[in-house]
Amino acid sequence: MVQPIDLQEPSPMRSLQRVLKSLNAYRWLALGALLSSLLLTAAYAVTPQLFRWGIDQGIADKNLRVVLISAAWMVAAAIARGLFNFGQSFWAEAASQGVAYDLRNRIFSKIQTLSFSYHDQAQTSQLLTRVTSDIEQIRTFLSTSLMQVISAIVTLVSIAVILLIMDWQLALITLTVVPMAGWLLARFLSRNGDLFRQVQEQLGDLNAVLQENLLGIRVVKAFVREQAETERYTQMNQALVRTNMKTILAIRNTFPFIFLLSNLVTLVVVGYGGAAVIDGRFSIGELVAFNSYLLLILQPILLIGFAAPAIAQAAASAERVYEVVDAAIEIRDRPQAVPFQTCGGRITFENVSFRYPGSTIYALKDVSFETQPNELIAILGMTGSGKSTIMNLLPRFYDATQGAVRIDGRDVRDFTLASLRSRIGIVFQETTLFSGTLRENIAYAKPEASLDDVIDAAKAAQMHEFITALPNGYETLVGERGVGLSGGQKQRIAIARTLLTDYSILILDDSTSAVDAKTAAQIQDALDRLMHQKTCTSFVIAQRISTVQNADRIFLMDKGRLVAQGTHDELMRHSPLYGVILESQVKQKAPV
Amino acid sequence: MRSTGPVVASELKPHKQLSTLQRFLQYLRPYRKEVPVALSLITLGAATQAIGPFFIGWSIDHLIGQGNLRGLLLLLAMLALLYIVGVWAIRGQILRVGSIMQRILGQLRQDVFDKIQSLPVSFFDRSEAGDLMSRLLNDVSTVNQAFGQTVAQMLGNLFSLVGIVIAMLCINLQLGLLSNLVVPLMIFTTGLFARWARARFRVTRETIGELSAKLEEDIGSVKEAQAFNRVQLNIDEFKALNAANRDANVQAVAITAAFLPSIDFLNTLATAGVLAYGGYLAVTGAATVGVVTAFLLYVQQFFRPIQILSQFYTQAQSALAGLDRIFLLLDEPAELKDAPDATTMPPMQGDVRFEAVEFGYTPSQLVLKQVNLHAQPGQMIALVGPTGAGKSTIINLILRFYDVSGGGVKIDGVDVRRVTQASLRRQIGIVLQDNLLFTGTVAENIAFGCPNATHAEIEAAAQLANVHEFVTSLPQGYATQLGERGAPLSQGQRQLVSIARAVLINPRILILDEATSSIDTRTEALVQAAIARLLKHRTSFVIAHRLSTVTQADQVLVVQQGQIAEQGTHAELVAKQGVYANLYALQLGADATPVAR
């Protein structure tokens, strides 16, 4: 990703702290969960005492009444346990979902407002992962691991206290299981963390081969590679089986011993406690209670043990999420920015040089020009000449590295971004269609536009006839499940989309390249009219001379420099480069 | 993975689940000698776990109650030995069951992959590869989860549960029956919650689906959003979907959060029942304190096995649904095999003939009707026409990915159906639109069709394809890893490597799809030059996108609506003033005569 990570700060843990702070917005839910957790522990702790009472004062004393009362209290404790357990889970989940909701909103807003330079280097899939699975990791941490660790610690501490009060010697014996099991668990996790990661990696690699074969089945068959690919897969598959076996061995060496430990400690408790009962120091009820507590101790230990890797994962995810949330927005409004309102038509580039962030090469070198009101400027050049780059600076998708871009004398950086961009209509090279109806796509910038306005725009873009011929007309769905449109049709939708905005300046970037010549001519006509009516200046960016012939002036770009400007005739006479381009484009025809 | 209760189960009907399970159990066949050993170890392990409370209860009555300390210590020592034996059994169980399961899973994965290699191309054209892929990955992983580690645990717990029930019934029948009443109740409750949870989780799946779709669209279209000032609206729309997802999840959790407490409550109910009734029996002398104690300890041991079993149950359901889909795939008919008397294709000259070829992907809809064409060795045939429209079909037929329904495709006079597919395809090279490369080194990718190629041959091919310089500029040169975690190549570089791959096998017939997008100018020039070299001296079929290609072609085929609408050289077709002329001449006209203003 774009932002470098500062390796000196323990950032994952810090990010996790920030997550915990964001819990503050839901503190009542969190407190509810915490309180439920504490009460739950109390309810758990009470039950063995009820056993003890029931056995000692009830059964041993042949007092049926006590037995029945203790049974009744047990049920009451169970109801309480049930309620608190529910409360803990539910409120913890609600709080975590709230935090996830906030975090998702924050990161989404950030992504939508980050500048083009960020998005040039960012990958959509990476961003998606952060919003979906990374935040889900954080959320699971809050609702599960965090809750479990807290309640585990509370449980352990309170049971330890109870045991110590009942009989401190027996308690100490019982509590030895805690550090021993803990040590076994820690040893397991530290030795085998890598092993489990290896399993994941190998599985990922195996699936990658599967995917390649699925997508590239034609290539595999055409090159007669079925056998070779199968052998490759088999090897990797066998390796995975072997690695999985290693994890089984690791589990085999740890968990049976943890359970043996708890069983042996039970025996010691029965032995030592039994002796104490025989001596009269201890009651049977107490012995049974002790055993019950022992059963309660083991689970918290396991929970804490397994929470550790979960916490590490959540911390890593938190770091990735905040990386985006904290990213700097490069292009923003200046403090005193004013709205851009009327356009006189004088657009000036003053010695503008521009370098894409992260690049050493200048995409624009010392470009200067000035437009006259109502001019149609064509910018011509081959791929990489900088012709599209120039037009990125006008709406402030990027800011010039050196020099200034002005509209009617005012630097574009003095205007608010919203007002600037709403008055500059752009048709991009690549058309993005959105899921929704054709009408919604055309009305993208102005969802509240009337159908008449939408139709007008579609007519100008020469799409109205095609659309009305569809069964659902303007309500036809576009996108994966909807109608498929050709490249030319998509471009015309994009043009209609732009025509529906309040543009004063129009920028068309190679926008009829996929349209056949006849329709392109029609579109050009309609656009010509609109450009002369509504705009103060227009720009057409193109590669083909045929597209730019009607322009008032042609700017010829080559390797980032503005090498010539003038009318078609003037350029034919004065610019060698123009002549070369013209010739090469004519050359691509057969001798008649 | 959350363990708070039943999550959504699949939608397989019970009898289908059974048959799928039966088929899965077939995979146990190679291990049938090991199974009884594993089962006995499981039984032994469970028995040692179940026996503890029995003896503790007994010791309370007969040893502690009698003040027999020595006897107590002796008993405990025996129990300790028993537990150690139990550990040995459990270790053995984990190893054996785990080893069997891992090998079965490995076999399942292998079967799926082998199947993929033997399926006809038509299968892949039908199913969306992405959909298939995600299903396979998900399904194999759910099977892995359900049957990987947890089987040993589940079986152990199942046997423990059975052992506990038996032990209880043996000690005291009445008390045993009372305690065990709760088990069917627990099972019923599990099923109930599963049903409720399913409905709620279906809603969460929908909301997360909508959220993801919106996310993907908006994250990919940030530039448009900023250019058209739609940022705030996008953010507001997102918030709404986000909130819906949050609420759906909270509602779903209300169900799962109630599940375990309900089971726990039933458990405690049983415990209280034991205490009450057992206490009554003890007070009236019908049972001893030891017995009651043993029962109390046993009842507490119900909870964990039921919890684990219910978890396993829901996992198993998803796994069975996944298995069902996997088996459906495995049952697909394999591809057209070579004819029994198929011969090897002799070294080709490259004469390709289509004679009255008819073909349709579905019998009712013919894509090619009465197509005739003849390409002489070394000729370049350009295929043009509106998208799809049979161009790629012609290529499918030459490579024999499909068989014609009428007429025949002949190479050097030999019908392609009479030779082995392998010998046919080895002599045909392809460079397709997507330029797919595979995990492995650059060298391995170039030698894809000829794994035994020497390094010199690989380099030579790379030179011809104009990619040698680029490869040597990489840090590890030809040994650079490509693929998911390898070096990312640009589209243009990928195409150059694809061209090298085709060059290496030195095919007599070449198939080339020119469609490429967004290649930078420099690489474009390299690609053009490489392709020009590639096309020399070979019969080539090119799906043309460049004007220069069509003008140089020996024959141009205009494919429209499944028929060859026009055939001829570029000049002839322009003169005809037909379909081709319409498509291309206007473009030419516009370029040729600069109109004065």
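The values are calculated or read from the model by the stated rules, or taken from the named source; none is laboratory data. The structure presented is a predicted model; accordingly, all values stated were derived computationally and were not measured. Glycine gets a Cβ as well: all are built from the backbone with ideal geometry, and neighbour counts include every protein chain shown. Areas reflect the complete protein model, heavy atoms only, side chains present, ligands, DNA and RNA absent. Shrake-Rupley method; radii C 1.70, N 1.55, O 1.52, S 1.80 Å.
Out of the helices (runs of 4 or more DSSP H) lying entirely within region B:478-597, which hold 3 or more residues that are at pLDDT 75 or above, under 35 Å from the mean Cα position of the chain (by Cα) and under 30 Å from A:Gln211 (Cα atoms)?
Qualifying helices (runs of 4 or more DSSP H): B:491-504.
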> Can you tell me which residues in region B:211-223 are surrounded by 21 or more Cβ atoms within 10 Å (Cβ to Cβ) and within 15 Å of A:Asp120 (Cβ to Cβ)?
Replying inline: B:Ile219, B:Val222
>> Which condition from (1) within 13 Å of chain A (Cβ to nearest Cβ); (2) open to solvent by less than 10 Å² (accessible area, probe 1.4 Å) is the one that B:Ala422 breaks?
In response: (2)
> Of (1) within 7 Å of chain A (Cβ to nearest Cβ); (2) open to solvent by less than 10 Å² (accessible area, probe 1.4 Å), B:Lys239 satisfies all except one. Which?
Replying inline: (2)
> Assuming A:Gln429 fulfils every condition listed in (1) within 10 Å of another protein chain (Cβ to nearest Cβ); (2) open to solvent by less than 20 Å² (accessible area, probe 1.4 Å); (3) of a type outside the set (Gly, Ala, Ser) apart from one, which condition is it?
Replying inline: (2)
>> Out of B:Ile411, B:Ile395, B:Ile381, I need the residue that is within 14 Å of chain A (Cβ to nearest Cβ), out of contact with any Gly (no Cβ under 6 Å at 6 or more places or on another chain) and open to solvent by less than 30 Å² (accessible area, probe 1.4 Å). Which one?
In response: B:Ile395
> Tell me, which residue of region A:272-322 that is farther than 30 Å from A:Leu20 by Cα and polar (S, T, N, Q) is farthest from the chain's Cα centre (by Cα)?
Replying inline: A:Ser283
> Of all the residues that make up region B:86-95, how many are at pLDDT below 90 and more than 8 Å from chain A (Cβ to nearest Cβ)?
Replying inline: 1
> Do the conditions hold for A:Ser190, that is, is it without any contact (Cβ under 8 Å) to a residue 60 or more places away in the chain, surrounded by fewer than 21 Cβ atoms within 10 Å (Cβ to Cβ) and either in a helix (DSSP H, G or I) or within 14 Å of chain B (Cβ to nearest Cβ) (or both)?
Replying inline: yes
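So, of the residues in region A:55-73 that are facing chain B (nearest Cβ under 7 Å) and surrounded by fewer than 22 Cβ atoms within 10 Å (Cβ to Cβ), which turns out to be farthest from A:Ala42 (Cα to Cα)?
Of all residues in region A:55-73, those facing chain B (nearest Cβ under 7 Å) come to A:55, A:58-60, A:62, A:64, A:67-68, A:70-71.
Cutting the leftovers down to surrounded by fewer than 22 Cβ atoms within 10 Å (Cβ to Cβ) gives us A:60, A:62, A:64, A:68.
On the way: A:Ala60: 26, A:Lys62: 29, A:Leu64: 26, A:Leu68: 22 Å.
Restricting to residues being facing chain B (nearest Cβ under 7 Å) and surrounded by fewer than 22 Cβ atoms within 10 Å (Cβ to Cβ), the top hit is A:Lys62.
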> With respect to the numbered conditions (1) more than 29 Å from B:Ala447 (Cα to Cα); (2) touching a residue at least 40 places away in the same chain (Cβ under 8 Å); (3) not hydroxyl-bearing (Ser, Thr, Tyr), which one is the sole condition not fulfilled by A:Gln202?
Replying inline: (1)
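Among the listed residues A:Val199, A:Val209, which satisfies the condition of being among the β-branched types (Val, Ile, Thr), touching a Ser or Thr at 6+ places or on another chain (Cβ under 9 Å), open to solvent by less than 40 Å² (accessible area, probe 1.4 Å) and facing another protein chain (nearest Cβ under 7 Å)?
One residue alone meets the criteria, A:Val209.
Going by what's in this entry, would B:Ala339 be described as small (Gly, Ala, Ser), surrounded by fewer than 16 Cβ atoms within 10 Å (Cβ to Cβ) and more than 14 Å from chain A (Cβ to nearest Cβ)? Before you say what the answer is, go through the steps one by one.
Values: small (Gly, Ala, Ser): yes; surrounded by fewer than 16 Cβ atoms within 10 Å (Cβ to Cβ): yes; more than 14 Å from chain A (Cβ to nearest Cβ): yes.
Taking the combined requirement at face value, the residue satisfies it.
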>> Looking at B:Gln22, B:Gln102, B:Gln93 in this structure, which one is crowded, with 18+ Cβ neighbours inside 10 Å, polar (S, T, N, Q), over 28 Å from B:Phe303 (Cα atoms) and within 35 Å of the chain's Cα centre (by Cα)?
In response: B:Gln102
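Give me a count of the residues in region A:167-181 that are open to solvent by 30 Å² or more (accessible area, probe 1.4 Å) and part of a helix (DSSP H, G or I). Let's see the steps before the verdict.
Of region A:167-181, the ones open to solvent by 30 Å² or more (accessible area, probe 1.4 Å) are A:168-169, A:172-173, A:175-176, A:178-180.
After this cut, where a residue has to be part of a helix (DSSP H, G or I) as well, the list is A:168-169, A:172-173, A:175, A:178-180.
The qualifying residues number 8.
Criterion first (within 11 Å of chain A (Cβ to nearest Cβ) and either open to solvent by 10 Å² or more (accessible area, probe 1.4 Å) or within 26 Å of A:Leu210 (Cα to Cα) (or both)) does B:Phe470 satisfy it? I'd like the intermediate steps shown before the answer.
Working: within 11 Å of chain A (Cβ to nearest Cβ): no; either open to solvent by 10 Å² or more (accessible area, probe 1.4 Å) or within 26 Å of A:Leu210 (Cα to Cα) (or both): yes.
So B:Phe470 fails the test.
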> Across region A:438-479, which residue is surrounded by the fewest Cβ atoms within 10 Å (Cβ to Cβ) among those that are over 17 Å from B:Leu233 (Cα atoms) and β-branched (Val, Ile, Thr)?
Replying inline: A:Thr468
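Do you know which of the residues in region A:541-553 that are within 19 Å of A:Gly345 (Cα to Cα) and open to solvent by 10 Å² or more (accessible area, probe 1.4 Å) is modelled with the lowest pLDDT?
Looking only at region A:541-553, we keep the residues that are within 19 Å of A:Gly345 (Cα to Cα), and these are A:541, A:550-553.
Going one step further and asking which of them are open to solvent by 10 Å² or more (accessible area, probe 1.4 Å), we end up with A:550, A:552-553.
Details: A:Asn550: 76, A:Asp552: 89, A:Arg553: 91.
Step by step, filter region A:541-553, then rank; the result is A:Asn550.
Conditions tested, residue by residue: (1) open to solvent by less than 10 Å² (accessible area, probe 1.4 Å); (2) free of Cβ contacts under 8 Å to residues at least 24 places away in the same chain; (3) closer than 23 Å to B:Leu173 by Cα.
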position: B:Val250; (1), (2), (3): no, yes, no
position: B:Ala258; (1), (2), (3): no, no, no
position: B:Ser262; (1), (2), (3): no, no, no
position: B:Tyr277; (1), (2), (3): no, no, yes
position: B:Ala286; (1), (2), (3): no, yes, yes
position: B:Val291; (1), (2), (3): no, no, yes
position: B:Phe295; (1), (2), (3): yes, no, yes
position: B:Tyr298; (1), (2), (3): yes, no, yes
position: B:Gln301; (1), (2), (3): no, no, yes
>> Suppose we keep only residues that are loosely packed, with under 11 Cβ neighbours inside 10 Å and part of a helix (DSSP H, G or I) within region A:574-592. Which one would you say is modelled with the highest pLDDT?
In response: A:Pro576
